[in-house]
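Peer 1: The structure under discussion is supplied below as structure tokens; questions concerning it will follow.
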Amino acid sequence: MEVAIVKYNAGNIYSVVNALRRMGIEPLLTDDAEQLRKADRVLFPGQGHAAETMEYLKAHRLDEVIRDLKQPVFGICVGQQLLCKHSEEGDVDCIGIFNAEVKRFQPERHEDKVPCMGWNNLKFTVNPLMEGLGENPYVYFVHSYYVPVCEETIAVADYILPYSASMHKDNFYTCQFHPEKSGKVGEKILRNFMEIK
């Protein structure tokens with residue numbers, strides 16, 4: 001199986017590369033449109049600023065490439081947010097797979113810290129990405145922006161308010177958390193993604 005990771009100006013991509021290598025998968029890190037189109041699986045991970053990242057993706061026409069992919073695609077962290085319609089981070093239009101607006105967390109109490117950092121549990125629906133995780137599994141989050149719960153939400157986390165921890169539409173799957181930093185639960189999610197037909 002050929003697994004490609006979208007190479008762009010975002011942080012944290014190499015932690016996903018290393019997680020896949022631990023699973024025995026040697027991914028291709030590329031910004032080449034043809035290589036992305038012919039891969040069996042495409043991962044779109046990263047940390048970064050939404051507006052700056054979209055500027056880079058558009059300059060390299062990677063937004064169009066990602067939007068048109070037909071194989072299973074997995075957006076992770078800012079990858080989930082950039083697959084939405086619009087982000088408050090830099091007030092930018094994004095790739096638009098999900099008809100959702102990315103919002104900034106607004107602290108309501110003194111103890112509400114932004115960014116949200118640390119372990120949180122998931123409440124999820126039946127979906128191939130979430131198979132075999134057990135009840136209320138814990139995963140690792142680092143983010144200041146979130147996607148509200150919407151029609152495509154398949155897992156919810158709660159920090160200040162309930163939000164989309166994972167989403168699915170057609171061949172696009174996402175998670176706001178970092179599976180590559182979430183131990184055995186995260187590895188299971190990555191393995192589930194590799195097995196999606």
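The values are calculated or read from the model by the stated rules, or taken from the named source; none is laboratory data. Just so you know, these numbers come straight off a predicted model, no measurement behind them. Here the Cβ is made from the backbone with ideal geometry for all residues, glycine too, and neighbour counts use every protein chain on show. These accessible areas exclude ligands, DNA and RNA; they are computed on the full protein's heavy atoms, side chains included. Shrake-Rupley method; radii C 1.70, N 1.55, O 1.52, S 1.80 Å.
Peer 1: Please state the relative contact order of the chain as a whole percent: Cα pairs under 8 Å, 6+ residues apart?
Peer 2: Value for the chain: 19 percent.
Peer 1: So which residue, out of L29, L43, L83, gets the largest mean-square fluctuation from a GNM of the chain using Cα contacts under 10 Å as springs?
Peer 2: Largest GNM mean-square fluctuation: L29.
Peer 1: Taking 7 Å along the Cα-to-C-beta vector as the label spot, tell me the H60-K197 distance in nanometres, rounded to one decimal.
Peer 2: 3.4 nm
Peer 1: What value, in deg cm²/dmol to 500, does the helix sum -39500 (n - 2.57) over DSSP H runs of n ≥ 4 give at 222 nm once divided by the residues of the chain?
Peer 2: It comes out at -7000 deg cm²/dmol, rounded to the nearest 500.
Peer 1: Report the charge-dipole magnitude of region 28-72 in Debye, nearest 20, computed about the Cα centre from +1 at each Lys and Arg Cβ and -1 at each Asp and Glu Cβ.
Peer 2: Dipole magnitude for region 28-72 comes out near 200 debye.
Peer 1: Further question on the same structure: Can you give the local net charge around N121? Use residues other than it whose beta-carbon is closer than 12 angstrom to its beta-carbon, Lys and Arg +1, Asp and Glu -1.
Peer 2: Details: positive: K123; negative: E135, D158.
Within the 12 Å Cβ shell, the charges total -1.
Peer 1: Taking region 81-197, how many lysine pairs are there with alpha carbons less than 18 Å apart, if each pair must be eight or more places apart or span two chains?
Peer 2: Taking region 81-197 as the scope, the lysine pair count is 7.
Peer 1: Charges at C-beta only: +1 for Lys and Arg, -1 for Asp and Glu. How large is the resulting dipole of region 33-129 about its Cα centre, in Debye rounded to 20?
Peer 2: The dipole of region 33-129 has a size of about 400 debye.
Peer 1: Ignoring any ligand, DNA or RNA, what whole percent of the accessible area of the chain comes from carbon and sulfur when the probe is 1.4 angstrom?
Peer 2: C and S fraction of accessible area: 47 percent.
Peer 1: Something else about it: Give me the net charge for the shell around E55: Cβ to Cβ below 13 angstrom, other residues only, Lys and Arg +1, Asp and Glu -1.
Peer 2: So the surrounding residues net to -3.
Peer 1: Distance from the Cα centre of region 96-174 to that of region 1-17, in angstrom?
Peer 2: Here the answer is 21 Å between Cα centres.
Peer 1: Next question, about the same structure. Which of Y8, V102, H178 sits closest to the plus end of the dipole of the chain, meaning its Cα is farthest towards the positive end, when Lys and Arg get +1 and Asp and Glu get -1 on the C-beta?
Peer 2: H178
Peer 1: Just to confirm, what accessible area per residue do you get for region 56-173 at 1.4 Å probe, in whole Å²?
Peer 2: That works out to 47 Å² for each residue.
Peer 1: Within the set of other residues whose C-beta is less than 9 Å from the C-beta of H86, count the net charge using Lys and Arg as +1 and Asp and Glu as -1.
Peer 2: Once all neighbours under 9 Å are counted, the net charge is -3.
Peer 1: Let me ask something else about it. Is region 26-65 rounded, prolate or oblate when judged by the Cα gyration tensor, a ≥ b ≥ c being the square roots of its eigenvalues, rounded requiring a/c under 1.5 and prolate requiring a/b larger than b/c? Walk me through the numbers before you get to the answer.
Peer 2: Values: a/c = 2.74, a/b = 1.54, b/c = 1.78.
The shape class here is oblate.
Peer 1: Under a Cβ-only charge scheme (Lys and Arg +1, Asp and Glu -1), can you give me the dipole magnitude of region 125-185 about the Cα centre, in debye to the nearest 20?
Peer 2: On the way: 3 positive and 7 negative charges, 41 e Å.
The calculated dipole for region 125-185 is roughly 200 debye.
Peer 1: Moving on to the next point. Out of every Cα pair in region 138-197, what percent are spaced more than 16 Å from each other?
Peer 2: 44 percent
Peer 1: For region 182-196, what does the Karplus curve 6.51 cos²θ - 1.76 cosθ + 1.60, with θ = phi - 60°, yield as ³J(HN,Hα) per residue in whole Hz, taken in order and with x for Gly and Pro?
Peer 2: Residue by residue, region 182-196 yields 10, x, 5, 5, x, 5, 4, 5, 4, 5, 4, 4, 5, 9, 5 Hz.
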